1. Treating region 1-90 as a set of equal point scatterers at the Cα positions, no solvent, please give the Debye-formula log₁₀ I(q)/I(0) at q = 0.18 Å⁻¹.
2. Over the Cα atoms of region 89-137, what radius of gyration and what Dmax do you get, in Å?
3. Under a Cβ-Cβ cut-off of 12 Å, what is the net charge of the residues other than residue 356 that fall near it, where Lys and Arg count +1 and Asp and Glu count -1?
4. Relative to the present Cα-Cα distance, how much length would full extension add between residue 51 and residue 343 at 0.36 nm per residue of separation?
5. With every atom except the alpha carbons ignored, what do you get for Rg and Dmax of the chain, in angstroms?
6. Compute the FRET efficiency between residue 188 and residue 73 as 1/(1 + (r/R0)^6), taking r as their Cβ-Cβ distance and R0 = 25 Å, and round to the nearest 0.05.
7. Projecting each Cα onto the charge dipole of region 125-236 (Lys/Arg +1, Asp/Glu -1 at the beta carbon, about the Cα centre), which of 132, 228, 187 comes out farthest on the positive side?
8. Per residue, how much accessible area does region 5-141 have with a 1.4 Å probe, in Å²?
Amino acid sequence: MGRDAIVPHGGYYDLRFTAELWEAYCYDHLSLLPVDHPPATEIFVDERFVIPPAKLAITTVEAPHKIMRAVDDDGHDVTDIVATLDGRALDNFGHGQYQGVTRDHYVEVDLGDGVPQSGPLYLIAHGSIYPTDSSINVALSQGDRWRAHGLSLEVPDGRGGWVVARDNLGFPAGRKKTVLFDLTNVFLAGTPRRVRLRTNLEIYWDAIEWARGLPNAEIKTQRLDPTLADLRYRGYSAIDRPDSASPELPDYNRLSGTKQRYRDLIGYYTRYGDVRELLARIDDRYVIMNSGDEMALRFAEQPPPPAGWLRDFVIVGDGWIKDGDYNSTFSKTVQPLPYHAERDYTTAPSRLEDEWTFRRHAEDWQTYHTRYVTPDVFNNALRATGE
């Protein structure tokens with residue numbers, strides 16, 4: 001989260017987490033990490049979805065450099081589109097038969113002069129993905145023509161062609177994400193500093209730049225626990241999408257509705273009120289949020305960074321999301337309940353009392369998880385009032 005996104009007022013930083021989608025959310029931990037770093041440096045977190053996961057770490061780099069040139073796979077110069085993080089994104093690949101998957105496409109980036117020949121080097125790409133969903137993934141698995149493949153990184157092979165330097169690079173983990181591609185030692189001797197980012201997913205790059213890594217740079221961090229964590233009902237934000245290359249973004253200042261919007265997952269959710277105890281540590285005790293809920297958090301304002309230094313913020317979170325798509329496993333209910341030791345949720349839910357999490361923290365279902373939700377309002381929305 002950038003330094004302009006969080007501004008203290010009244011002695012605290014105020015953050016709101018809203019549940020806008022057809023999902024159940026289990027938050028095991030949330031904290032705020034101010035990161036102070038020297039002038040002429042920047043810090044990033046790699047916001048990719050990839051298996052195995054990208055490292056959960058802060059990467060410090062020199063102030064990023066603009067690329068020399070970018071060309072799409074139709075041969076068009078798109079440097080102006082990806083030169084600045086301004087909401088305009090590269091969109092030349094159209095749409096396929098299924099949402100989120102399109103034709104094979106790439107953007108070719110010339111890093112330009114001044115790129116170091118050795119040492120840590122990163123390509124920094126800012127963008128969004130328009131994702132598939134569980135039902136689409138089932139449809140894709142039943143055919144051969146449309147097979148989703150994540151990002152790969154290609155470099156010149158020195159003979160006029162290209163070679164894959166890094167494969168299985170995943171994709172941006174949502175809207176307005178920053179992805180770090182490690183370019184250290186990827187270029188063959190004597191080849192130009194050019195790369196191609198290739199995929200067949202609907203990934204919209206807003207800005208692409210490069211920077212030299214500074215693994216030994218001094219940074220100062222202090223993890224902050226919330227002084228207030230209040231769970232409450234809010235409703236649903238209005239969603240804006242200015243054009244086909246823009247992500248769908250909720251506008252917190254505009255509500256589009258407050259009634260049950262989805263066929264909510266059936267089960268026990270956390271009652272409204274103070275939930276700080278559940279967020280304090282990663283321990284399989286968590287806040288269970290439903291669609292339409294909001295969690296308001298406050299963190300104590302910190303003294304300013306050293307003179308000349310910069311401050312950014314990282315949200316540290318741990319938890320799970322379960323969506324209500326009919327083709328998601330056991331999507332009708334909140335159960336089975338997640339926990340960190342479990343990796344394969346294949347056992348159908350049964351009694352709450354038999355759940356691993358309940359057996360170890362049964363008191364939470366007396367103190368916190370006392371709000372039972374059904375989709376009755378949604379299911380009966382079209383019935384006459386008198387019935």
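The values are calculated or read from the model by the stated rules, or taken from the named source; none is laboratory data. None of the values given here were measured: they were computed from a predicted structure. With ideal geometry, Cβ positions are generated from the backbone for all residues, glycine too; neighbour counts draw on all protein chains shown. When the accessible area is computed, the model is the full protein with side chains, heavy atoms only, and any ligands, DNA or RNA have been set aside. Shrake-Rupley method; radii C 1.70, N 1.55, O 1.52, S 1.80 Å.
1. So the normalised log intensities work out to -1.24.
2. 15.9, 47
3. So the surrounding residues net to -3.
4. Here the segment from residue 51 to residue 343 would lengthen by 103.8 nm.
5. Looking at the chain, its Cα Rg and Dmax stand at 23.0, 79 Å.
6. The pair residue 188/residue 73 has a calculated efficiency of 0.70.
7. 187
8. 45
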